[in-house]
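Read the structure below first, then the notes.
Taken together, the values in this text are just the output of simple stated rules run on the coordinates, not laboratory data. What you are looking at is a predicted structure, and each value in this text was computed from that prediction instead of being measured. Positions of Cβ are backbone-derived with ideal geometry, glycine not excepted, and every protein chain shown enters the neighbour counts.
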Amino acid sequence: MATITIDTVSRWFGNVVAVNDVTMAIGPGITGLLGPNGAGKSTLIHMMSGFLAPSSGSVALDGTPIWRNQQVYRQIGLVPERESMYDHLTGWEFVLANAELHGLAHPGAAARRALDLVEMAEAKDRRTGTYSKGMKQRVKMASALVHDPSVLLLDEPFNGMDPRQRLHLMDLLRRFGADGRTVLFSSHILEEVEQLARHIEVVVAGRHAASGDFRRIRRLMTDRPHRYLVRSSDDRRLAAALIADGSTAGIEVDGRERALRVQAVNFQGFTTLLPRVAREAGIRLYTVSPADESLESVFSYLVSA
Amino acid sequence: MNPTVARLTVRGLLGRRRGLLLLVVPALLLAVSALAAAAHGDEQSLTVKILGELDLGTLVPILGLVVGTGVIATEIDDGSIVYLLAKPLPRWRIVTTKLVVAIGTTWAFAAVPTLFAGLLLYGTRDGLALGYTVAVLVAGAAYSALFLLLGVVTRHAVVAGLGYALVWEALVGNYVDGARTLSIQQWGRAVAQSVAGESAIGSAVPLGTAVPLLLIVTVASTVLASVKLAGLTLTADE
């Protein structure tokens, strides 16, 4: 059982603040680090894996500071985001080298076990430079698992994977989580995180925006007011009819766009209300588009919440 | 020494195209020496010119630069150094292993050809061949350590290294006497001069200064590189 504690950590680069006063504890099981690109996920993972010093605060593994402490790597396995990994070596040579560098008693056996685990035994004699993205990801996993670590840190592990590889990796991580290992992975895709993570930490613009199980995060995201852009044959009459219903919180007539900006309170209610109201009033709907479904706006809502 | 680090470093250094690139140095030196040996002229001054200026003054620093940065800067640039660093392995051991590989490679590709070139040009007379070979050995080691350090501390190691070798040592050192005191090339010359006992070699620095400075640069570079590597920071690509 291993726990990584991040205690009031900030990290800045020059005058850019990448991580701003974050406190969280990553315990056994699978934790998803969710946030849009540039939110500071990689910076956090770099600090957790000892490749970046916090500007203030502390990052520790079971109470021991991680920065400049090579002994933590006996417990930590890191799957970096970057792909380069000694392209001139074969998968086998690469994983074996990692086992040797850990000073394991039986590096050959450990490398074989790790390659079997990620189902790369068949392709192990090909040069890693010839691997597909998914295969590289699996070999990187094998190199991180070769010493049987209690903590596994993965930076955007699903990037560039096809659906089958994604499922396979998820399966593998679930097994690690079930073993009582501490698994942390970062992603900017909510669906990935909620499929896999028992616990989710959301970071936005360097700040710790939300924390909880996926139900709580999902609720935070769906309960927020939804905004729509609606164009119809008679915008003003439609606006009058919509505002009469409780699912609508506000309507703005946008003269320039020649459209209505509708703020709905209740997502489900509004999606059934709009077509019904339009039909009853004899109004034709030309455009109904969500105005803020991008992840960034969802996150920014979470931050202000 | 860590055998795995050494193996990875050697394969990274000599594999692919860089291995061929390294061969250019001895090939060039030997070709020029063969041509010169066939021509007639003042053999001693020709030998001093080729081994002193072309070899020790130009080829050795360039080779040291390619090798010294090649053993570590490429891994830092492409991020694969992570796989070495995310291990319970003392950083000084990674650095010393890589330094041994760099020095060994520099010796094989520069010192050995220097000896052959010297014998070809001037035989064993006046100890010139041996003198320059020893100079290339010590200068090669110092260049390797210095350029390895540059590879750890800056993303622009090759530019910084070229700046030192070509601008400082060759250009500034040619016109400003004081600059020669801080020049690996001049320290190498001092060693060559004392080994050969031949004043034709000429050196701006006395041996008593050159040897301690060579040692200090080599050891201090290695220590500093170890410290810097232990605090190596990964920056996010995002």
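Observations, loosely collected:
- Computed from the C-beta positions of B:D78 and A:D245 and an R0 of 60 Å, the FRET efficiency is 0.55 to the nearest 0.05.
- Between A:R74 and A:R218, the FRET efficiency from the beta-carbon distance, with R0 = 35 Å, is close to 0.45.
- Pairs beyond 28 Å (Cα-Cα), from B:K49/B:K228; B:K49/B:K98; A:K41/B:K98; A:K41/A:K124; A:K136/B:K87: B:K49/B:K228; B:K49/B:K98; A:K41/B:K98; A:K41/A:K124
- Within chain B, helices built from complete DSSP H runs that reach 30 Å or longer along their own axis (Cα positions) and carry a mean Kyte-Doolittle hydropathy of 1.0 or higher are B:16-38, B:128-153, B:207-230.
- Largest-first principal axis extents, alpha carbons of the protein assembly as shown, Å: 110, 57, 42
- Neighbour-count ranking [beta-carbon atoms within 10 angstrom, fewest first] of A:S56, A:S211: A:S56, A:S211
- Rounded FRET efficiency, nearest 0.05, which uses the C-beta distance separating A:T64 from B:A170 and R0 of 51 Å: 0.55
- Sequence ranges A:137-143, B:25-31, ranked by mean other-Cβ count within 10 angstrom, highest first: A:137-143, B:25-31
- Other residues whose C-beta falls under 14 angstrom from the C-beta of B:V152 contribute a net charge of +2, scoring Lys and Arg +1 and Asp and Glu -1.
- By the count of neighbouring beta-carbon atoms within 10 Å, fewest first, A:S232, B:S203, B:S45 end up ordered B:S45, A:S232, B:S203.
- Estimated D of chain B in µm² per second, where Rh is the Kirkwood radius over Cα pairs and Stokes-Einstein applies at 25 °C, 0.890 mPa s: 135
- Per DSSP, loop trypsin sites (Lys or Arg not before Pro) in the range B:120-196 with at most 16 further Cβ within 10 Å: B:R155
- Relative to the compact-globule estimate of 2.2 N^0.38 Å, the Cα radius of gyration of chain A comes out at 1.24.
- Extent along the principal axes, Cα only, for the range B:102-238: 61, 32, 24 Å, with the longest axis given first.
- Ellipticity at 222 nm from helices only: DSSP H runs of n ≥ 4 in chain B, each -39500 (n - 2.57), divided by the residue count, give -21000 deg cm²/dmol.
- A:A259 long-range amide H proximity, modeled H, under 5 Å: A:D254
- Residue exposure sequence - A:D162, B:D126, A:D62 - by fewest surrounding Cβ within 10 Å: A:D162, A:D62, B:D126
- With K and R counted +1 and D and E -1, the other residues having a Cβ less than 12 Å from that of A:I243 yield a net charge of 0.
- Value of [θ]222 nm, deg cm²/dmol, for chain A, DSSP H segments ≥ 4, -39500 (n - 2.57) each, nearest 500: -11000 deg cm²/dmol
- Choice from B:L137, B:L119, B:L85 showing the highest fluctuation, given a GNM over chain B with Cα pairs closer than 10 Å: B:L85
- Rounded to 5, percent antiparallel among DSSP beta bridges of the range A:68-185: 10
- DSSP bridge pairs, chain A: antiparallel proportion in percent, nearest 5: 65
- Charged neighbours of A:V9, selected by a Cβ distance under 12 Å, balance to 0 (K, R count +1; D, E count -1).
- Projected label points at A:T8 and A:S55, each 7 Å from Cα along the beta carbon direction, are separated by 1.6 nanometres.
- Under 5 Å, built H, 5+ apart or other chain: amide partners of A:A249: A:Q263, A:A264, A:V265
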